[in-house]
Amino acid sequence: MAIKLNTSSFLGIDGSIVSVEVDIERGLPSFNIVGLADTSVKESKERVKASIINSGFEFPIKKIVVNLAPADMKKAGSLFDLPIAVGILICTGQMNFYDWEDFLILGELSLSGNLNKVRGVLPITLEGIKNNIKNFIVPIENAEECSSIKGVNCYAFENLKQIVYFIKYRDLLPYKHKRVSSKIPHSTLDFSDVFGQESCKRALEVASAGNHNVLMAGPPGSGKTMMARRVPTILPNLNYEKSLEVTKIYSVTGNLNTNEGLITKPPFRSPHHTITAAALIGGGNNLMPGEISLAHNGVLFLDEVLEFKKNVLEVLRQPLEEKRITINRCSGRVSFPCNFMTIMATNPCPCGNFASGKHCTCTDYERKRYISKLSSPFMDRIDLFTFVTSLNFKDIQNSKKSESSKSIRKRVEDARKIQKKRFMNHGIQYNSEMNSTLIKKYCKLNKKSIEILAKIYSKYKLTTRAYSKILKVSRTIADLDHSECINESHLTEALCYRKFTGGGYM
Ligand SMILES: Nc1ncnc2c1ncn2[C@@H]1O[C@H](COP(=O)(O)OP(=O)(O)OP(=O)(O)O)[C@@H](O)[C@H]1O
Ligand SMILES: [Mg+2]
Ligand SMILES: [Zn+2]
């Protein structure tokens, strides 16, 4: 008699239901798994066999065939161990499981019969709910993740033996989801730790409000890295939808902490400059999301941006524009979201001292060449440039206590609310995403501002692209000011963010 159980697999960040069919016949002893299973699934035979025996049950010396359906979908990972083991125990009459159709089972077994944490439980749970399956049997370490979805009955266990008892006697209530967000310590970083640097802090506030990409240049030790690390503290918490999107990505990559349910804080990713293009954008044999997707709905920080390999920066161009990355490999095709805010930091020149008060030994040419490592299409994707100066003794001594992240965050939240309302029917979220039609519609300047912009435009021979960027950033500054109209103070502030390393407007 063949028996069937529900489990699930995932591709990209989406789950899909898989049925595990187990059939045991008399014949030469063998154990085969069919249904487009890759080597990681085939290895499960050894774990299943050892864990059944080591949990005190009997492993049949017969011909065992396991089929994973649908057979045309590639399956990878160790989460099929548990349904296969349970299937074998049912098939050999060691237990009954009449209402199997209402359950989805997954988990990796160790040789001793213990259950290990698996990846992708969140997308799998969502897929189960979509298919009207409400009961889930999962490893205890995946309990928070599984039970964080409303309407789920999550039964979490440490080993195979406990599961067999549960299926026989139903002696357990569903796992209660702890609201762990309050348990995770808040970030200890705060903008009030940063002395002075008011203009750079303001640039980061504007960038955060409108989700603009920003480049900070400044001498070594001026606090670039320090400030970038504090940006997540001024971003609003994620709402439920965004939180699901982010947690799914962390779930499939195995980056979710054991006692963490949904991720509610915007992520901050800071890949080292030696990163490869594949690790940055995602891919590899098992089609995993890369750093840009791990930064989705949060911040991607490229520290020492000029040290990144040129080809690595170039692959960023397309996802920066499209907010989504599609990866085609022989193993399949997946698409991941990657709508993040980029913060870049660099020294202003090879010696690092330009405009810092110390003597810069570089020539004009060397400085230009240094920055030109960033190609112009790449520069085009940066909305704000800001210069970080090194503080002198007096600045540090006289600096008052700076504004806290909490009070900056309030302004950012308000500005984002205004944008949300504005773009409700336009399919975008932030000012930085406006196209030319939307710019025309929403970035109306007053008379005085038009005059100023016209002067700058002809004097510095601005490109159309620079023009749009100035308007988008002005819009964000006006939103921070709760102003419907863009007035001259909003515009002049936006113009300051187009000046770079002392040169003209870009
Ligand atoms: N404005 C500041 N207020 C308080 N501390 C600061 C400030 N600027 C720098 N520091 C201190 O100096 C240290 C170095 O700063 P940080 O690493 O951010 O500099 P950086 O600009 O990233 O330098 P580099 O170009 O060498 O990477 C910080 O850890 C901090 O302790
Ligand atoms: Mg640094
Ligand atoms: Zn220099």
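Brief remarks on what is shown
- A 1.4 Å probe run over the protein chains yields, for the chain, 47 Å² of accessible area per residue, whole-number rounding.
- Portion, in percent, of the accessible area of the chain that falls on carbon or sulfur, probe 1.4 Å: 52
- The accessible area of Ser458, taken with all protein chains in place and a 1.4 Å probe, comes to roughly 80 Å².
- Globularity index of region 1-127, i.e. its alpha-carbon radius of gyration over 2.2 N^0.38 Å: 0.98
- Translational D in µm²/s for region 299-418 (Stokes-Einstein at 4 °C, 1.567 mPa s, Kirkwood Rh from C-alpha pairs): 72
- Computed over the alpha carbons of the chain, Rg followed by Dmax gives 27.7, 90 Å.
- Across region 210-226, computed HN-Hα scalar couplings (Karplus, 6.51 cos²θ - 1.76 cosθ + 1.60, θ = phi - 60°) run x, 6, 8, 7, 9, 10, 9, 10, x, x, x, x, 7, x, 4, 4, 4 Hz from first to last residue, x flagging Gly and Pro.
- Karplus-derived 3J(HN,Hα) values for region 236-241, using 6.51 cos²θ - 1.76 cosθ + 1.60 with θ = phi - 60°, are x, 5, 6, 7, 4, 5 Hz; glycine and proline are entered as x.
- Region 218-296: Cα Rg divided by the 2.2 N^0.38 Å rule of thumb: 1.25
- Percent of Cα pairs exceeding the 17 Å cut-off, where the set is region 278-340: 36
- Computed over region 191-413, Kirkwood Rh from alpha-carbon pairs, angstrom: 18.6
- Listed residue pairs exceeding 25 Å between alpha carbons, taken from Lys75/Lys242; Lys201/Lys455; Lys75/Lys168; Lys201/Lys410; Lys265/Lys441; Lys323/Lys447: Lys75/Lys242; Lys201/Lys455; Lys75/Lys168; Lys265/Lys441; Lys323/Lys447
- Degrees, to the nearest 10: 447-459 long Cα axis against longest axis of the chain: 90
- Calculated P(r) tail over 19 Å for region 434-506, as whole % of Cα pairs: 27
- Relative packing of peptides 468-474, 34-40, 162-168 - highest average C-beta neighbours within 10 Å first: 468-474, 162-168, 34-40
- Bridge type composition, the chain - antiparallel percent by DSSP, nearest 5: 50
- Against the chain, whose longest principal axis is taken from its Cα atoms, helix 464-480 shows a tilt of about 80°.
- Qualifying GluC sites (Glu not before Pro) in region 360-452, DSSP loop, other Cβ atoms within 10 Å at most 14: none
- For region 191-413, share of DSSP beta bridges that run antiparallel, in % to the nearest 5: 35
- Shown in residue order for region 485-490 are the 3J(HN,Hα) couplings computed by the Karplus curve 6.51 cos²θ - 1.76 cosθ + 1.60 at θ = phi - 60°: 9, 8, 9, 5, 6, 5 Hz (x for Gly and Pro).
- Angle between the chain longest axis and helix 81-91 axis [Cα atoms, degrees, rounded to 10]: 20
The values are calculated or read from the model by the stated rules, or taken from the named source; none is laboratory data. Keep in mind it's a predicted model, so treat the numbers as computed, not measured. A quick note on method: Cβ atoms are made from the backbone with ideal geometry, for glycine too, and the neighbour counts reach across all protein chains shown. SASA here: full protein model, heavy atoms, side chains in, ligands and nucleic acids out. Shrake-Rupley method; radii C 1.70, N 1.55, O 1.52, S 1.80 Å.
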